[in-house]
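Step one of this worksheet: look at the structure below.
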Amino acid sequence: MRVLNYLELSSQLDRSGIGTSTDQQRAALATTDVEVITSPWPEPTVSGAAELLQGDGVFRDYDVAHCNLIGPGSVAVARHAKRNDIPLVLHSHVTREDFAESFRGSTAVAPALGKYLKWFYSQADVVLCPSKYTKGILESYPVDAPIRPMSNGVDAEALEGFEDLRDEYREKFDLDGMVVFAVGSVFERKGLTTFCNVAKETDYDFAWFGKYDSGPHASKAVKYWVNNAPENVTFTGWVDDIRGAFGAGDVYLFPTKNENQGIAVLEAMACGKAVVIRDIPVFEEFYTHGYDCLKCSTDEEFRRALDLLNRDPDLRRRLGENALETAAEHNLDRVGDRLVETYEDVLDGSFAD
């Protein structure tokens, strides 16, 4: 079986959730009998994608088309697939809900995006999404295609050696004591204001490892906090080795407002870190309060959770050990099996969830 696993704008999405998920799909498929190609045409260019929208152009041969984004290149692949009876898998990494509060103007654009996503995803033979929560969101649009939840998984092997970078990254960013940290692009949707407000009420060192936009696309919240960070908050910007973030940090704080799954949470768990997350619906299907994480709803609850973990190292250790077990349930072998099953089902025309 030859499968196109396509991510347009891949260089710009390096280390984003979408980029990481796509990389993990390909790593998972590498252990199977599926032959993967990553571009639908010999020379992938933006101009070439635009030209292909007007017709078939020159496409490579593949048995199944699997697209991970929603732009013009993916539209071109979808149209080619429908014209040539090639099974089409569209991966829903983007929803109207999680697009809001990401960039400047994204909240205003989100309703129109929802209409586009309804049209785009409805072309699929099957839509993959990271969670049952996301499936419910897509059904509410409604998307007129079978929808199958499938974990993004976590690449634990790629994180091996994170402990060896602890001293280097703590020294580099002047971090000490119990370090509270986050990983990923800095967005208000991911709980930026809560992260900073909680930091102001504590004496712990906080670090957000990930790039942030200070230009015209940055939201007001990102511009404000990056330029007015509390004294105990460090925004590192891009880091060369993301393993250093998991080495330097002790408690992963993720007060996000909306997620389709949250790959960085699984990465923190795969490193045995204690995790504190917001109590939102998507996390109900993956994590259990008091077992592999602590769930909070208000700034005060987040602060109390951090104080508890600081006072009780044994609890921190137990949460981390249980988190390791949870992360193991999302290993890439399972992702690979689920992908192969999906490709076989679209080729056979059967779509059991």
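Taking the inverse of the mean 1/r over every pair of distinct Cα atoms in the chain gives a Kirkwood hydrodynamic radius of 21.1 Å.
Accessible surface computed residue by residue for segment 157-329, with neighbouring protein chains in place and a 1.4 Å probe, gives 43 Å² per residue. Rg and Dmax over the alpha-carbon atoms of segment 157-329 stand at 14.8, 45 Å.
DSSP beta bridges fully contained in the chain are about 5 percent antiparallel.
Only DSSP H runs of four or more residues enter the estimate; each adds -39500 (n - 2.57), and after division by the residues of the chain the mean residue ellipticity at 222 nm equals -12500 deg cm²/dmol. On the chain, 47 percent of the accessible area sits on carbon and sulfur atoms, based on a 1.4 Å probe. Residue by residue, segment 161-168 carries 3J(HN,Hα) couplings of x, 4, 4, 5, 9, 4, 5, 4 Hz when phi is fed to the Karplus relation 6.51 cos²θ - 1.76 cosθ + 1.60 (θ = phi - 60°); x denotes Gly or Pro.
The values are calculated or read from the model by the stated rules, or taken from the named source; none is laboratory data. In this text the structure is predicted, and so the values were computed from the model without any measurement. For accessibility, only protein heavy atoms count, side chains too; no ligands or nucleic acids. Shrake-Rupley method; radii C 1.70, N 1.55, O 1.52, S 1.80 Å.
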